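Input: a single structure, listed below in C-alpha cells.
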Amino acid sequence: MFLKADKQDNPDSINTLSDPYHLTIHTLANGLTLYLSCTNYKPRIETRVVIKAGSAQDPHESTGAAHILEHLMFKGSESIGVLQRPEEKKVLDEIKASFEELRSMGDGDERSQQFKKIDALNQKASSLSLPGEYDRILSHLGARGVNAYTGIGETVYKCDIPSIELERWIKLESERFSRPVIRSFLTEIEAIFEEFNQDLDDDFSRARDLLLSGLFPGHEYGSHTILGKKEHIKAPSLEKIEEFRNTWYRPEHMAICLAGDFDRKEALALIEESWGSWNPPASGHPIPSIKKAPKLRGHHKKTLKGADSEFSMTGFRFGGVRSEDFYPLVMLDLILNNSQAGLIDLNLVQKQKILEGGSSLSSTGEYSWFVLYGTPGPGQSLGTVHRLLMKQIDLIKKGKFDRRLLSGVIKFLEIEQIQDLESNQIVNAFVDCFSEGISWTEYLGRLDRLRILTGDDLVQFVREKFKDAYVRVDKKEGEDTTVELVDKPEISALKIDYEQESSYFRTLREKNPGYQRPLFPDYKSKLHHGSITESISLSCCANTNNDLFELTFIFPEGKSASPWLPVAGDYFTYLGTPDMSPEKLQKEAFLLGIDLSFQVDLERSVFSVYGKDEDFEKALVYVQNLIRRGVGDRKSYRKYIQGLLKRRQDAKLSKKVLLMGGLYSWGLYGADSPFRDILSEKELKSHNADTLTSEMKRLFDLPHRVFYYGKRRSSELRTLLCDFHPGTLSTPQPLREKQIYKEKDGENKIFFTHHDMVQAEIFRLAPQSVFDSGQLASISLFNEFFGAGLNSIFFQEIRDARGLAYTAYSSISVPEFPQNRHIIQSYLGTQADKLPEAIAEMDRLFLTVPAEGRLFDEARTALLKSQSSDRITDSDIFWSWWEANELGLDTEYRSRVFRDLENYSYPAMEEYFRDSVIPLESNILILGNKEELDFKVLEKRGQITELSPEELFNY
C-alpha cells in the first residue's frame, strides 16, 4: 500500500509548476549539494550549512566529538581570527599533544597540573590570535539568529543575513569550512562542561537519553548521546575531533541551503566561485557505517530520579522516513494528539484522567521512534498513566475512533503548509531532505500520501506494528545519586582585544555594500479602523497572500482586574453546551479546521480564532455558541481544580518556574507581586464553573477591540459580527478597578532559593526608569553592543574569555505599558563553585563604560542592516501598530529610531551608560543547591535572603 521513497532529485533539477517554494537543487563537481529557494518575503536570506554527520558518527572512544567540533567551528580559520599563524600553529600543536596526554591521567594532582600547563599554552595561543573575530564579522554583516546544533545524524549551522550580504557571507563560510583552525579549545571546553552539567539538571533530556538507550541497545543511537559520555568529555581528544572533521566536513557530505530574496543564477555563480575549487585530500580514514540496530524484543522498564515533577514515557521503534512506516506514524501521531481532538486530548486530558499527555514522532532516514508521554494527576501512579496511554493505542487497534479525524488531520496540515509559505523557515525542510536522504519530490508529496491513507489502513498498521516491544521510562521525584557533574578546571581569562583585526577582516570590510533604505509599514493604507458599536472598535488588515483568517478580540481587563480571569482562560477548553459535550465541542473545532486561543495577561485578555476563509461563518457561529451557551459541570470543575492544585505543586519542582517565575517576580516586585497574588485553594473550591463562564461572558460585553486579518471587506465583516458577536451588544459593562503592582528599585540584595541541581543559575535585575521613548535607540544599541548575541561584550567576556557559562545574555526590556519600567536583566548558569567569580564579573561589566572602538561601530552597523532589511507584514502590521498605540507612540516612531541610530555616536552611548546603567542598584537572584554554595563569599556582595518555594509561590 505505502510507496517507497522516490530516488533523490537529479542534480540541477528545477521544481516550478508543482512546487510553491520554487526550489532548485544543484550538485557541484566536488559533490557539494545546493538547495536554492527564491522568495521576496523580505530582503533577507535564511541560510543553513549542513554536514551529514552527527552524534551517531562519533568515534566510539570519543563520543561528543561532533558536538565539540560544532562549537569549535566558530573559532575562525587560517585567515579568520589570525595574528601570527606560524607561531600560533606551534602552540596549538602543543595543546593538542597535551590533551592527548590528559586522556591517560586520573582525577588527581597530575591531571590538575596538566590543566595548568594547558592553561598557560592557551594564554600564549590567544595572544597570537583574535578570539571572537568570526562573531564580529557576522555582526558586521548584519547577521541574526547565528547558531548551530548537533543532531543524531547531522550538524547544522544557522544564520539569517541581509540579502545584500550574500556574496560576502558565501566567501566567509567558504573560508571557515575549507580552512578551519581549532583554537581557544580550553576555554570552549569549559563552556561545554557547563552545557553538560546543565543537561544533568534537565530531567526530560535525561529521560530521553535513557529511552533511546533502551530502544537502541548497543547501537550508536542509544550509546552516543549528543553531548557525549562523561569520561570522554572530561578528556577530549583533539586528534579524534580533527579526524572527524577531515572525514565528514567535506563537500560530498555537505549542503548549503538558502531561502529568501536573492537571484538564483547569481547565487549559484558565487557559490561555484568560492566553494567549487574546494577539493580536500582524502581523509585517510574509512567512512564509519552505522550498524543495523538489533531487534527489540519484549517490553523494558527503566527508572530515573530527579528534582522535577514525575512523568512517564513509552517508546516504540520503527523504520525511518524512507520506510513504509513513516506515513501511518505521522497520521497516528496527530490522531492521538493534536491539542484539540486527539484520543489522548479528549479521552485523557479533556476528561482529566491524567494531568497532561501526548505523543511525539522523531525520525531519521533509518529509524523512527514513537513516544507516548503523560504526567499523573493527584494521587495517580505512573503505572496508571502508562496503562491509560497504552489503552489509546488499543482503541486504534480495535477501530474505536472517529474516522473523520483523518480528514481533520489533512486540513490541519494544509493550514500548516500555507503558513510555511509566508516565511523563509522552509529552509529547515531542505536540511531534513538532505540529512535524511529523501527527495524534494517526496517531501512535496507527503500530504498527498497522507490523503490516500484510510482508517482501515491505520488500524491494520497499528495491529501489525505495535506489539509488546517497547521501552517505558518512569521519571520519579527524588535525588539521583548516580549523577556526577564534570568538574571544571581553573583557567585564566583570555584577554580579548576588540580593536585588532585580521587582514582577512580588513579586506572583507572594504567591500561593505552598506545597507538599503528601510521600509516601514504604511499604517494608514494597510489598516482600516471602524466600529461595530459605540463601545466595540474594529480594525481590519487585508490578507492578500492566502485564504486564511485571524479574528481576535482584545479586552482591557486581565489578571489585575480579576484573579479569576486566568483560571477562566485555562478552563475554557473544558466547556460544553447544553446540547454538546466538551469532547464533541473540541472535535467539532478540529474538524472545522479552526484553532482557538484564550490568553490572559496582567492587564488584558485576548481571545483569538484562526482558520480558512471558507469556514469563517461556521467559526463565528461556533464561537458565539461557545461563549453564549458554554457551561461546565460540577464534576469537571472539581477535577479541574484538583488538577490545577497538582500543577501548582509540580511548578514548585521546576527550576524554570522557580527562577523565571517565583524568584524573578520577587526580585522585581517583592512580596506584593502578581506572581504571588493568586486564588487560594479554599477560594477555588468554594466556587463552581459558573464563576468562570461568567468571567468569560462578561469580557465580550466590555468595551473592546476586534481585529480581523483576512479576505473579507470591512463592511461585510461588520455585518457578520453584528449578527454573530458572542456578546449582547447592549450597554457595555463598566471596567473594574485594577490591582496595581509596583516595580521596585534594586537594593543590592541577594535572593536565594534551594533546589537540588548540579549548576547554579543567576539572574541580575536592575530596574531603570518608566518607559522613555527617547531612549529606544540607546536601548536597541545597548542590547546589540553589550548584551545580546555572540558578539556582545557580555557573551564574549563571560563565555568566550572565561568559560563561565554555556548560556549568558543581558538585555534591557521595553515594557508593554508606559507606566512600567525598563529592566536590565542578565542571566547565566554556572558551576556552583564558580558562582562568586561569575557574579563579580557581571558586576564589573556593569560598572565599566565599554571602550569606544570597532565593537561599538560593528554593533551600530549590525542594527542598521538588520532594521533596514526587516519587514513588518501581514497581521504583524496591526500588532506593531497596537504595540505603539499602547505605549502612546505615534506611527512614525520606528523611522525616528532608525534615524537616531544612523546619527548615533559613541559619546551618546557613553552618556547613556554613565547615567542609566552604572548608577543602578540591582538584585541578584540565585537558584542552586545550598550544600554547594559558599554563602560567606556571597555575603560580601549583599544581604542574602533565602526564600522557600512556598514563600515564592504563596501556597
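Comparison of Asp420, Asp468, Asp456, Asp474 shows that the only residue that is modelled with pLDDT of 95 or more and open to solvent by 40 Å² or more (accessible area, probe 1.4 Å) is Asp456.
Among the listed residues Thr848, Thr861, identify the single one that is polar (S, T, N, Q), open to solvent by 20 Å² or more (accessible area, probe 1.4 Å), in the same structural domain as Pro907 (by the TED database) and not in a helix (DSSP H, G or I). Sole residue among the options that is polar (S, T, N, Q), open to solvent by 20 Å² or more (accessible area, probe 1.4 Å), in the same structural domain as Pro907 (by the TED database) and not in a helix (DSSP H, G or I): Thr848.
What about Thr482, is it among the β-branched types (Val, Ile, Thr), more than 30 Å from Ser869 (Cβ to Cβ), surrounded by fewer than 13 Cβ atoms within 10 Å (Cβ to Cβ) and not assigned by the TED database to the domain that holds Asp333? Here the answer is yes, as Thr482 does meet what is asked. Does segment 49-69 hold any residues that are of a type in the set (A, V, I, L, M) and in a loop (DSSP other than H, G, I, E, B), and which are they? The answer is Ala53, and nothing else.
Report every pair of residues separated by at least 6 positions or lying on different chains whose Cβ atoms are under 8 Å apart, first residue within segment 737-751 and under 19 Å from Ile918 (Cβ atoms), second of a type in the set (A, V, I, L, M). Hits for this filter: Gly746/Leu765; Gly746/Ala766; Gly746/Leu920; Lys749/Ile924; Lys749/Ile944.
Checked against the criterion of being assigned to a loop (DSSP other than H, G, I, E, B) and of a type in the set (S, T, N, Q), the candidates Thr225, Thr247 yield just one match: Thr225. Just the residues that are open to solvent by 50 Å² or more (accessible area, probe 1.4 Å) and part of a helix (DSSP H, G or I), please, taken from segment 70-94. Answer for segment 70-94, where residues must be open to solvent by 50 Å² or more (accessible area, probe 1.4 Å) and part of a helix (DSSP H, G or I): Arg85, Pro86, Glu87, Lys89, Lys90, Asp93, Glu94.
Scanning segment 341-364 for residues that are assigned to a loop (DSSP other than H, G, I, E, B) and either in contact with a His (Cβ under 8 Å, 6 or more places away or on another chain) or surrounded by 21 or more Cβ atoms within 10 Å (Cβ to Cβ) (or both) yields a count of 5.
Cβ separations smaller than 8 Å between residues 6+ apart or across chains give the following pairs from segment 499-516 residues that are small (Gly, Ala, Ser) to residues that are part of a helix (DSSP H, G or I): Ser502/Glu133; Gly514/Ile164. Picking from residues in segment 768-782 that are part of a helix (DSSP H, G or I) and open to solvent by 30 Å² or more (accessible area, probe 1.4 Å), the one that is farthest from Glu911 (Cα to Cα) is Ser773. Scanning segment 741-749 for any residue that is modelled with pLDDT of 95 or more, closer than 16 Å to Phe607 by Cβ and either outside any loop (DSSP other than H, G, I, E, B) or open to solvent by less than 40 Å² (accessible area, probe 1.4 Å) (or both) turns up nothing. One residue stands out among those in segment 221-263 that are small (Gly, Ala, Ser) and within 28 Å of the chain's Cα centre (by Cα): the one that is farthest from Glu154 (Cα to Cα), which is Gly260.
On inspection, Ser525 qualifies as small (Gly, Ala, Ser) and either closer than 30 Å to Thr303 by Cβ or without any contact (Cβ under 8 Å) to a residue 12 or more places away in the chain (or both). Any chance segment 798-810 includes a residue that's of a type outside the set (D, E, K, R), open to solvent by 20 Å² or more (accessible area, probe 1.4 Å), in contact with a strand residue (DSSP E or B) (Cβ under 9 Å, 6 or more places away or on another chain) and on the phi > 0 side of the Ramachandran plot? Among the residues of segment 798-810, not one is of a type outside the set (D, E, K, R), open to solvent by 20 Å² or more (accessible area, probe 1.4 Å), in contact with a strand residue (DSSP E or B) (Cβ under 9 Å, 6 or more places away or on another chain) and on the phi > 0 side of the Ramachandran plot, which makes the answer no. Counting the residues of segment 95-113 that are open to solvent by less than 40 Å² (accessible area, probe 1.4 Å), modelled with pLDDT of 90 or more and of a type outside the set (A, V, I, L, M, F, W, C) gives 1. Applying the criterion of being without any contact (Cβ under 8 Å) to a residue 40 or more places away in the chain and at negative phi to the residues of segment 369-382, the residue that is surrounded by the most Cβ atoms within 10 Å (Cβ to Cβ) is Gln380. Contact map, segment 89-104: residues that are hydroxyl-bearing (Ser, Thr, Tyr) paired with residues that are open to solvent by 10 Å² or more (accessible area, probe 1.4 Å), Cβ distance under 8 Å, separation 6+ or inter-chain. Pairs shown: Ser98/Gln114; Ser98/Lys117; Ser98/Leu121. Evaluation of Glu165 against the conditions (1) buried (at least 19 other Cβ atoms within 10 Å of the Cβ); (2) closer than 30 Å to Leu781 by Cα; (3) more than 28 Å from the chain's Cα centre (by Cα) shows that the sole unmet condition is (3).
One residue stands out among those in segment 245-268 that are open to solvent by 60 Å² or more (accessible area, probe 1.4 Å) and not acidic (Asp, Glu): the one that is nearest to Cys38 (Cα to Cα), which is Arg264.
Table: residues versus (1) part of a loop (DSSP other than H, G, I, E, B); (2) within 26 Å of Leu592 (Cα to Cα).
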{"site": "Thr507", "(1), (2)": "no, no"}
{"site": "Leu519", "(1), (2)": "yes, no"}
{"site": "His528", "(1), (2)": "no, no"}
{"site": "Asn546", "(1), (2)": "yes, yes"}
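Selection of segment 664-702 for residues being part of a helix (DSSP H, G or I), open to solvent by less than 70 Å² (accessible area, probe 1.4 Å) and charged (D, E, K, R) yields Glu695, Arg698.
Only one of Lys652, Lys612 is under 30 Å from Leu729 (Cα atoms) and open to solvent by less than 40 Å² (accessible area, probe 1.4 Å); which? Being under 30 Å from Leu729 (Cα atoms) and open to solvent by less than 40 Å² (accessible area, probe 1.4 Å) holds for just one of Lys652, Lys612, which is Lys612. Applying the set (1) buried (at least 17 other Cβ atoms within 10 Å of the Cβ); (2) without any contact (Cβ under 8 Å) to a residue 12 or more places away in the chain to Thr731 leaves exactly one unmet item: (1). One residue stands out among those in segment 223-237 that are of a type in the set (Gly, Ala, Ser) and surrounded by fewer than 20 Cβ atoms within 10 Å (Cβ to Cβ): the one that is modelled with the highest pLDDT, which is Ser223. Please state which of the following conditions Phe572 fails to meet, knowing it meets all the rest: (1) outside any loop (DSSP other than H, G, I, E, B); (2) more than 30 Å from Asn347 (Cα to Cα); (3) modelled with pLDDT under 95. Failed condition: (2).
Which ones in segment 383-401 are in contact with a helix residue (DSSP H, G or I) (Cβ under 7 Å, 6 or more places away or on another chain), over 16 Å from Gln350 (Cα atoms) and open to solvent by 30 Å² or more (accessible area, probe 1.4 Å)? Listed by number, the residues that qualify are Leu395, Lys397.
Out of the helices (runs of 4 or more DSSP H) lying entirely within segment 868-920, which hold 2 or more residues that are more than 28 Å from the chain's Cα centre (by Cα)? Those helices (runs of 4 or more DSSP H) span 893-902, 906-916.
The values are calculated or read from the model by the stated rules, or taken from the named source; none is laboratory data. Values in this document were obtained by computation on a predicted structure and should not be read as measured data. No Cβ is skipped: glycine too gets one built from the backbone with ideal geometry, and neighbour counts run over all protein chains shown. Note: areas computed on protein heavy atoms with side chains; ligands, DNA, RNA excluded. Shrake-Rupley method; radii C 1.70, N 1.55, O 1.52, S 1.80 Å.
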